[in-house]
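**Student:** After the structure tokens below, expect a handful of questions from me.
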Amino acid sequence: MHLMSWIPRTQLKTRVAVAFLLFLASISYRDIVSCAATGAPGSPVQGPPVTDAQRTFFESKIRPVLAKNCYTCHSATAKDVEGGLLLDTRLAVLKGGTDGKVIIPGNPDRSLLIQAIRYGNKDLQMPPDDSGGKLPDSVIHDFETWVKMGAPDPRDSVVVTPPKTYDTTQAKKWWAFQPLRRPPLGNLPTSDWTRGEIDRRVLATLESKNLKHVEDADKQTLIRRVYFDLIGLPPTPDKVDEFVSDDSPKAFEKLVDDLLARPEFGEHWGRHWLDVARYAESAGKEVNVTYPDAWRYRDYVISAFNQDKPYNQFVREQIAGDLLRSSDLKTRTQQVIATGFLAIGAKGLSEQASRQFDLDLADEQVDTTSESFLGLTVSCARCHDHKFDPIMQRDYYAMAGIFLSTKTHYGTITGPRNNQESDLIEIPPEAKLPIPQKNLSPEDRDSLQKQLADVTAQYDQLLADRRASLLAARGQQQGANGQNAVQTFAQIRNLQGRQAKLESILDSYDETGRPKAFCMGAQDRPAGQGPEGPMPPVQLGPRGIALKRQPSGFETIADSPLFFRGEMSDPRDRVPRGFPAFLVRGGAESFSRSESGRRELADWIASPSNPLTARVMANRIWYWLFGQGIVGTVDNFGTMGDAPSDQPLLDYLAYQLIQNHWSVKKMIREIVLSHTYQLASTYDENDYAVDPQNAFLWRHSRLRLNAECIRDAMLASAGQLNLDPPVGSAVALAGDGTVGSGPPYERIDDEQFVSATNNYRSVYLPVPRDAIPDSLAVFDYPDSTVVHGAREVTNVPGQALYLLNSDFVRAEAGQLAQRLIATCPPSSGEDAIALRQNRVNTAFRLALGRPATAFEQDAAARYFLRMSNDRAVKNGGAWSDFCLALYNTAEFRYLN
């Protein structure tokens, strides 16, 4: 995100700026009052809490490394604390040691800890050689990511010594692990206000807490709310007028049904799920190689929500779609594409040891699968039994064995730093899938083949020269030869990369020059039990560099060993594939030697008897509509997660989800038709004093739109939004390569993604890791390395800079101004005042969904009076700044 680039691009003239800001202040007064009502009066400013995703990242990526590599010298239990630095508590890390602070949150380059583990300074290298030496590049990248996050640390300020024996009895009694049953109705209240069981349960809770719900939202507020909640777009003025004037009792119900049937519904709700699925279009980490075919999974998700695919089937297809029966080729193809869920995660492609890479890949899949569908952090048990939930280390490796028996097709070609290349799944032409690439002409094919022949000849010659050099150097000193060997290896890898790039392009077309269709996904490894004894050592090339991907020990379907302390070099006994034992009722599942076990895993997760799956999804749906879950930690239903604010309500919703054949649309419909959803966001002092977080729903919380909605609303109001979905994405058209780095033949300029502008919906913008478009990144687009069921909401200066100065926002403001001028042209029978008022009203209705108030009309009149002598008025400049002011209001970004 290039914040500073937004400042010099355009500069407002001084008097225009003053008038603009006076106008902005005048129309934002009620926004300021409303915002003040949502916060605790006089409450102290506190740092951001650790989110569920950040907690999981720390526990799985940071704490184990600190414990293994640092605590010997930098913990309260160390014999001698080196440098006065403790790393075993949050406060100690922030305090630093005798050399000062070691962490500067948000700035890895200035953090001494990061400088030390990078080994860039010979006087500052940690861990030292006698404690294991330099950490792997992937681990260093994890620490850099952690510091960029702000170094979130969920640990207590006091070191707590865990008990020697871990007792899971109490943890197993946690509410989320109990069987799901429909809660009894009991004596739930019934009144004219209640419209169904949701309202009755909410009202019962309100009465028990001595709370009273506020009045209903007005119809203009309600239609704007439900439009953004269901399709992520603002209503047009005509739709607002139609709804406001419809006094029939079924008016809102008819509106909801219309929105649920629109294709824009799947685009908006599919984007919600893509956050959970950590969707991105590149590998991220230290070698950020593109995923040109990731967009097919994106489109699968959008289509699934539009079709209202039963959620249990949605789950099964993403875990094991390739193993499920299908009635036709189209269905079969979509099921295979669905397994892209397992393939699109971040990957440390520079890892040299194939075994370590496979273990890390399986860990990422265990983590994502368990959090997405079960709300469990199973991957925290990779190195030891889970510290808080009744998940044993054996449970972890039981699940890991399923994914280690699975081959993941993520489609990255070999290169100088990519040691873990992978193929893709080719889709039959008969499936007739759309392909973004154009046909390859005979002339282009001939040119590519000539380039490939030249590179191959260079490669063969280099190998021949190297063999001759080795023969001539026999018996000579090895120092210079070793250095030459490394240089030659680098040249070989470079030529291999160029060769692979050209071969990949040629292989992407058939003999007639038509492009082939591919997808990312997962398939079972070959059948046959792997070795049961100790795993073979990792075979590496000269000086520890792998000349090609070596066998990892996971080439066939087999149970995984339990790796002591998570170390790949210390495998113990094999753990039968399976699921977390404490959740399995009726005995352990028996797994076939001919299948990985993903089908059994998918069936178990999607079973109505699983106590977590329906609860987790029902809570996600509630969060996406209300801005907070009934369980606040939407990705963690374990004992470190929040208890539900109303468990009977959550269990009712989960039960209804199953009873309605896992229909997401039916659940959404029931919720938005409830009276609870349709409440105003009015502030009430008495209710606020009892329930400041609105956990018990005495009103509708005021919520900020997400990044996609903000951008799409600008395009829509300006009349520039193209609702026709594109084929593919900008990353697909860019092809195979490394984002922002790498040799010239594979380097892809990341600026084309960061500054991406098109008129499609934001869900279709390119999203490679570490190169997210500015329009998304500035408004809290999530880190796609982990599951994000809930987005952070910040209010920072960079957002104001973006809204005031970005080329995109100013261009859309200009387009909105032109739309006003074209929609409300001067006429002989209309005076200047009436014309201005008409345009102001139209602008407010397009941008904010309501007409301007008398106060706002008066402020606009004063503004245009000051601008009447400026030439900007004649070319629409004043109207552009007026529209820019609307885009900068809190009301534009927030839903009441």
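**Student:** Cβ-Cβ below 8 Å, separation at least six or inter-chain, first residue in the stretch 567-580 and farther than 16 Å from Val378 by Cβ, second of a type in the set (Phe, Trp, Tyr) and open to solvent by 40 Å² or more (accessible area, probe 1.4 Å): which pairs?
**Tutor:** Every condition considered, the pairs that remain are Asp570/Phe564; Pro571/Phe564; Arg572/Phe564.
**Student:** Please identify the pairs in which a residue from the stretch 612-631 that is over 19 Å from Lys173 (Cα atoms) has its Cβ atom under 6 Å from the Cβ atom of a residue that is open to solvent by 10 Å² or more (accessible area, probe 1.4 Å) and of a type in the set (S, T, N, Q), counting only partners at least 6 apart or on another chain.
**Tutor:** Gly627/Ser701; Ile630/Ser645
**Student:** Among the candidates Trp273, Trp193, single out the residue that is assigned to a loop (DSSP other than H, G, I, E, B) and either at pLDDT 95 or above or hydrophobic (A, V, I, L, M, F, W, C) (or both). Break it down into steps so the answer makes sense when it comes.
**Tutor:** Working: Trp273 fails: assigned to a loop (DSSP other than H, G, I, E, B).
After ruling out the rest, the residue left standing is Trp193.
**Student:** Any residue that is under 17 Å from the mean Cα position of the chain (by Cα) and modelled with pLDDT of 95 or more - is there at least one of those in the stretch 307-317? Talk me through it step by step, then tell me what you get.
**Tutor:** Filtering the stretch 307-317 down to residues under 17 Å from the mean Cα position of the chain (by Cα) leaves none.
Taking every residue of the stretch 307-317 in turn, none turns out to be under 17 Å from the mean Cα position of the chain (by Cα) and modelled with pLDDT of 95 or more.
**Student:** Could you list, ordered by first residue, the pairs with Cβ atoms under 7 Å in which the first is in the stretch 97-110 and outside any loop (DSSP other than H, G, I, E, B) and the second is among the basic types (Lys, Arg) and modelled with pLDDT of 80 or more, at least 6 apart or interchain?
**Tutor:** From the stretch 97-110, the pairs are Pro108/Lys148.
**Student:** Select, from Val256, Val276, Val244, the only residue that is of a type in the set (Val, Ile, Thr) and open to solvent by 10 Å² or more (accessible area, probe 1.4 Å).
**Tutor:** On the way: Val256 fails: open to solvent by 10 Å² or more (accessible area, probe 1.4 Å); Val276 fails: open to solvent by 10 Å² or more (accessible area, probe 1.4 Å).
Only one candidate qualifies: Val244.
**Student:** Here's a follow-up. Testing Glu351 on (1) within 22 Å of Met520 (Cβ to Cβ); (2) under 20 Å from the mean Cα position of the chain (by Cα), one condition comes back false. Which one is that?
**Tutor:** Single failed check for Glu351: (2).
**Student:** Applying the selection to the stretch 575-625, what residues are among the acidic types (Asp, Glu) and part of a loop (DSSP other than H, G, I, E, B)? If you could, list the steps in order and put the result at the bottom.
**Tutor:** Of the residues in the stretch 575-625, the ones among the acidic types (Asp, Glu) are 589, 595, 600, 603.
Result: Glu589, Glu595.
**Student:** Still on this structure, I have one more. Just to be sure I understand the filter: pairs with C-beta atoms under 9 Å, separated by 6 or more residues or on different chains, first member in the stretch 498-511 and at positive phi, second member open to solvent by less than 40 Å² (accessible area, probe 1.4 Å) and hydrophobic (A, V, I, L, M, F, W, C). Which pairs pass?
**Tutor:** none
**Student:** Name every residue in the stretch 90-121 that is among the hydroxyl-bearing types (Ser, Thr, Tyr) and open to solvent by less than 10 Å² (accessible area, probe 1.4 Å), in order of residue number. Walk me through it before giving the result.
**Tutor:** Applying the first criterion (among the hydroxyl-bearing types (Ser, Thr, Tyr)) to the stretch 90-121 yields 98, 111, 119.
If the condition is that a residue be among the hydroxyl-bearing types (Ser, Thr, Tyr) and open to solvent by less than 10 Å² (accessible area, probe 1.4 Å), then Ser111 is the only one that fits.
**Student:** Considering the stretch 788-847 alone, what residues qualify as being among the aliphatic types (A, V, I, L, M), within 22 Å of Arg224 (Cβ to Cβ) and either at pLDDT below 90 or open to solvent by 50 Å² or more (accessible area, probe 1.4 Å) (or both)?
**Tutor:** Within the stretch 788-847, just Val793 meets the criteria.
**Student:** Quick one: how many residues across the stretch 781-840 are touching a strand residue (DSSP E or B) at 6+ places or on another chain (Cβ under 9 Å) and of a type outside the set (S, T, N, Q)?
**Tutor:** Within the stretch 781-840, the first condition is being touching a strand residue (DSSP E or B) at 6+ places or on another chain (Cβ under 9 Å), and the residues that meet it are 793, 795.
Add one more test, that the residue is of a type outside the set (S, T, N, Q), and what stays is 793.
The number of residues fulfilling the criteria is 1.
The values are calculated or read from the model by the stated rules, or taken from the named source; none is laboratory data. Quick caveat, the model's predicted, so the values are computed rather than measured. All Cβ positions, even for glycine, are placed from backbone atoms using ideal geometry, and neighbour counts span all protein chains on display. Note: areas computed on protein heavy atoms with side chains; ligands, DNA, RNA excluded. Shrake-Rupley method; radii C 1.70, N 1.55, O 1.52, S 1.80 Å.
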